[in-house]
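Read the structure below first, then the notes.
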Amino acid sequence: MGTWSKITLGAAVIAAMSVSVDSVRAADHDDPPARVEFGDAADIGELYAWTSGDTLSVVVTFAGGVEPAPNQTGTWNRDVLYGIHIDHDGDGTADHDIYVRFGENPEAQWGMQVLGFPGADGPLVGPVQTANEGAGGLFWAGLHEDPSFFDLNGLAVTLNRIGDGDGPAEDIAFTGADYFAGLNTTAIVLDIPLDAALSGSSTASIWATTAAAGDDT
Amino acid sequence: MNMRANAHRLVALAAVALLVASACGGGEDGNNGSNNDNSSTSNNTTSTNVTTPNSTTPNNSNPSGFDFRTEEPGDYVRVDAVGQPYVSRLFVPGSSKNGYNDQIPDTEAYDDAIVQRLSAWHAAVDDELINFALPPCSMDDTDADGLPDCLGQNISDDGAEPVTPAQLLRPDSLKILDAGADAGYPNGRTLADPVADILLGIVLIDQSGRVPPDIIVGVLNPPANDANDGDFSNEFPYLNDPF
């Protein structure tokens, strides 16, 4: 695991504690700043993963924290590649790289393509907003209410108030309000056969990524 | 999850911690002949065992004719990443987030920054924790294991395999600690888990007295999702319908 060194509080720390309101919105949902904003197709919201029985379920929300609108659909961007990476032997590298991307057909219908689904012989393809079956599992992408619950505004305001960070906090602004209440997000959901995902291991590390393609010509 | 009283004062306390931390993420078969340039300038994604379909692949698995890109995953450029929930939000300075996210899950280069942030959290909130009879953990390395005590303390239940905050935070990835045990953060993450408050409890409060990791759940942040009375479906795809 390496060595962590104790850092003596000093000027650098105090300076580091000063944060802008905008930067607080960062860290998944609108993170990293200057690359993505709320609602961007490549902005990961949250990653969830849990096991139940013989299934590993993974949920990745993206383009989230958006106000509901009539006839709202998921945020589909052909140029974004979503990655879900599973390391089940603890060597620090992914044993499974699962990739999801979206495409539209001439009828203006969107579909999802899943590459590297554990146990699958090839790509899995199906329409969005549909529980698609493949390789003994399920795959889905669609618009949902945003499952995040966090007082993001309270955090931002409080960060600014304690910007000097040289002592106990005063005037903390958290109220317990849910920034994400009433908002929607797009999500990828996978149910993966546990044996295929973990190859018999009882432990795993999982992370998600987004990446952008170059321009078409 | 348990809730704790005197929410606002302790909320402020935990908020400080958060703030301090936070400042501081047809191509295939049936692609109808739409070929895409494999254009990119750098490669922040890796593909270890993925077969990318090409335009000559039979159309059998894409009967609806969706037009997907055909580039190899390695030709895309990373934009965002997330592993362990709320680590970047709590512990990585804004100026470092791009670099940090590009390194996920191998974020060892940011260890000192994380420790720095966490130390600042403690400077801001420890007095208040004490006022509420919640012993703050120490950022000293009293057991000489190379870790500040807060990051090296065991957060597991008695009798369970020991787990430390450091093991959760690095590499920065979501951990399945025991696939056969009940799921719930930090053993994976379910939709209903109030992870921010749990994580704060883990890294701010001394766990040697077996203070429950969820002791400040609901103090800083809402304890549950707003829709469906905080519940999620037990059936795939588990999420609530959109508003």
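The values are calculated or read from the model by the stated rules, or taken from the named source; none is laboratory data. All values reported here derive from a predicted model rather than from experimental measurement. Positions of Cβ are backbone-derived with ideal geometry, glycine not excepted, and every protein chain shown enters the neighbour counts.
What tally of residues in region B:173-204 results from selecting those that are touching a helix residue (DSSP H, G or I) at 6+ places or on another chain (Cβ under 7 Å) and more than 22 Å from B:Gln116 (Cα to Cα)?
Residues meeting the conditions: 6.
How many residues are under 14 Å from the mean Cα position of the chain (by Cα), under 20 Å from A:Trp207 (Cα atoms) and among the charged types (D, E, K, R) if we restrict to region B:174-213?
3
Restricting attention to region B:92-100, does a residue exist that is part of a helix (DSSP H, G or I), buried (at least 23 other Cβ atoms within 10 Å of the Cβ), more than 7 Å from every other protein chain (Cβ to nearest Cβ) and touching a helix residue (DSSP H, G or I) at 6+ places or on another chain (Cβ under 9 Å)?
Looking for residues that are part of a helix (DSSP H, G or I), buried (at least 23 other Cβ atoms within 10 Å of the Cβ), more than 7 Å from every other protein chain (Cβ to nearest Cβ) and touching a helix residue (DSSP H, G or I) at 6+ places or on another chain (Cβ under 9 Å), one finds at least one in region B:92-100, hence yes.
So B:Asp111 ticks every box in (1) out of contact with any Leu (no Cβ under 7 Å at 6 or more places or on another chain); (2) closer than 16 Å to B:Ile202 by Cα but one. Which box is left unticked?
Condition (2) is where B:Asp111 drops out.
Listed residues A:Ala120, A:Ala108, A:Ala94; which is of a type in the set (A, V, I, L, M, F, W, C) and touching an Asp or Glu at 6+ places or on another chain (Cβ under 6 Å)?
A:Ala94
Just the residues that are more than 21 Å from A:Ser52 (Cα to Cα) and either more than 7 Å from every other protein chain (Cβ to nearest Cβ) or surrounded by fewer than 18 Cβ atoms within 10 Å (Cβ to Cβ) (or both), please, taken from region B:225-242.
B:Asn228, B:Asp229, B:Asp241
Looking for something of a type in the set (Gly, Ala, Ser) and farther than 25 Å from B:Ser88 by Cα - is there at least one such residue anywhere in region B:127-148?
Scanning region B:127-148 turns up at least one residue that is of a type in the set (Gly, Ala, Ser) and farther than 25 Å from B:Ser88 by Cα.
For the subset of region A:49-83 comprising residues that are assigned to a loop (DSSP other than H, G, I, E, B) and either aromatic (Phe, Trp, Tyr) or more than 22 Å from A:Met112 (Cα to Cα) (or both), which member is nearest to the other protein chains (Cβ to nearest Cβ)?
Among those that are assigned to a loop (DSSP other than H, G, I, E, B) and either aromatic (Phe, Trp, Tyr) or more than 22 Å from A:Met112 (Cα to Cα) (or both), it is A:Pro68.
What do you reckon, is A:Arg101 crowded, with 16+ Cβ neighbours inside 10 Å, in a loop (DSSP other than H, G, I, E, B), facing another protein chain (nearest Cβ under 10 Å) and among the basic types (Lys, Arg)?
No.
Please tell me if A:Thr8 is at pLDDT 65 or above and part of a loop (DSSP other than H, G, I, E, B).
no
Of all residues in region B:143-171, which are in a loop (DSSP other than H, G, I, E, B) and small (Gly, Ala, Ser)?
Across region B:143-171, the qualifying residues are B:Ala144, B:Gly146, B:Ser156, B:Gly159, B:Ala160.
Given the condition touching a Gly at 6+ places or on another chain (Cβ under 7 Å) and more than 9 Å from every other protein chain (Cβ to nearest Cβ), answer yes or no: does some residue in region B:165-188 qualify?
Among the residues of region B:165-188, not one is touching a Gly at 6+ places or on another chain (Cβ under 7 Å) and more than 9 Å from every other protein chain (Cβ to nearest Cβ), which makes the answer no.
Among the numbered criteria (1) under 24 Å from A:Gly182 (Cβ atoms); (2) in a loop (DSSP other than H, G, I, E, B), which single criterion is violated by B:Ala196?
Failing condition for B:Ala196: (2).
Only one residue in A:Asp43, A:Asp30 is under 27 Å from B:Pro186 (Cβ atoms) and either in contact with a Ser or Thr (Cβ under 9 Å, 6 or more places away or on another chain) or modelled with pLDDT of 95 or more (or both). Which one?
Among A:Asp43, A:Asp30, only A:Asp43 is under 27 Å from B:Pro186 (Cβ atoms) and either in contact with a Ser or Thr (Cβ under 9 Å, 6 or more places away or on another chain) or modelled with pLDDT of 95 or more (or both).
Checking the structure you have, find out if any residue of region B:137-149 is over 24 Å from the mean Cα position of the chain (by Cα), modelled with pLDDT of 85 or more and among the hydroxyl-bearing types (Ser, Thr, Tyr).
Yes, region B:137-149 contains at least one residue that is over 24 Å from the mean Cα position of the chain (by Cα), modelled with pLDDT of 85 or more and among the hydroxyl-bearing types (Ser, Thr, Tyr).
When region A:129-158 is examined, which residues are found to be surrounded by fewer than 22 Cβ atoms within 10 Å (Cβ to Cβ), within 22 Å of the chain's Cα centre (by Cα), part of a loop (DSSP other than H, G, I, E, B) and more than 7 Å from every other protein chain (Cβ to nearest Cβ)?
A:Gln129, A:Thr130
Among the numbered criteria (1) under 16 Å from the mean Cα position of the chain (by Cα); (2) more than 25 Å from A:Ala94 (Cα to Cα), which single criterion is violated by B:Pro171?
B:Pro171 satisfies all of (1) under 16 Å from the mean Cα position of the chain (by Cα); (2) more than 25 Å from A:Ala94 (Cα to Cα) except (2).
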